[in-house]
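Before any comments, here is the structure.
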Amino acid sequence: AVQAMLVGTEQTMNTAVTKVIADFPTAAVPYEMKAELLYKQGQKNPAIAYLQKTQSLWPQWIKPFFTEAQIRSETQDYSNAVRILKNILNSQPEHHKSKVEMGIVEVSHFSNKRGLDFIQVGLKNEKIPSPLRVRGYFALANFYLNSDKQLALEYAQKAYSLDPKNMALRDTILSLGGESALGEVRSQDTQLMVVGDNFFRNKNYLAAQAEYK
């Protein structure tokens, strides 16, 4: 099932994971795999159902709870997203991904300043995945747009250095600092990404991997 998820088509993945669930109906991980597959297909409510099944089988595993919170946030079910994130942080106060996600929801959708601390503390953890880190910086940038444009620009630049293809971030930087501010972001990280992408397109995967690392 794992191999099918890594290299197979969605149909192969679905068949493999469904068979594993049928063979091992009380194992938690296959349900989480099924949820991930459904989420990638845009079926968010069915994905939540499989995540909740995972949670019932393995309540100590944080990942399915965190994933459900993210999906709830995407579907604008912010109250339930916050509820789940609070439960995670009550059981694991140092779960930094949940801190960042909580902060994003609090700042972006409830205009709650306490979300700033959640994001900033969470982002101190170097293991925060880049997509979540980008969203955290972007939330901070948007929060300071009207009160501190320079700080908003700095956060937008940090986010853009991690996601140089993000047009919303690009437009934010241009509106705050113009072309010169955008040029400042063309950092070594961005150049490494460009080189890595070139290697990847030419199927030189080992070299691409080195640039990404």
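The values are calculated or read from the model by the stated rules, or taken from the named source; none is laboratory data. Just so it is clear, the model here is predicted, and its values are computed rather than measured. Every residue, glycine as well, gets a Cβ built from its backbone with ideal geometry; the counts of neighbours run over all protein chains shown. SASA here: full protein model, heavy atoms, side chains in, ligands and nucleic acids out. Shrake-Rupley method; radii C 1.70, N 1.55, O 1.52, S 1.80 Å.
Odds and ends about this structure:
- Segment 144-167, residues that are open to solvent by 40 Å² or more (accessible area, probe 1.4 Å), assigned to a helix (DSSP H, G or I) and at pLDDT 95 or above: 149, 150, 151, 154
- Matching residues in segment 75-106 - criterion: being part of a loop (DSSP other than H, G, I, E, B) and among the polar types (S, T, N, Q): 75, 76, 92
- Candidates 161, 180, 91, filtered to the one that is within 21 Å of residue 66 (Cβ to Cβ) and polar (S, T, N, Q): 91
- Only one of 36, 74 that is among the acidic types (Asp, Glu), without any contact (Cβ under 8 Å) to a residue 60 or more places away in the chain, closer than 29 Å to residue 110 by Cβ and open to solvent by 70 Å² or more (accessible area, probe 1.4 Å): 74
- Residue in segment 9-28 that is surrounded by the most Cβ atoms within 10 Å (Cβ to Cβ), counting only those that are outside any loop (DSSP other than H, G, I, E, B) and touching a Leu at 6+ places or on another chain (Cβ under 9 Å): 17
- Test: residue in segment 179-198 that is surrounded by 18 or more Cβ atoms within 10 Å (Cβ to Cβ), touching a Ser or Thr at 6+ places or on another chain (Cβ under 8 Å) and within 26 Å of residue 116 (Cα to Cα): yes
- Tally of residues being among the aromatic types (Phe, Trp, Tyr) and surrounded by 15 or more Cβ atoms within 10 Å (Cβ to Cβ) across segment 59-71: 2
- Residues of segment 95-123 classified as open to solvent by 80 Å² or more (accessible area, probe 1.4 Å) and at pLDDT 95 or above, total: 1
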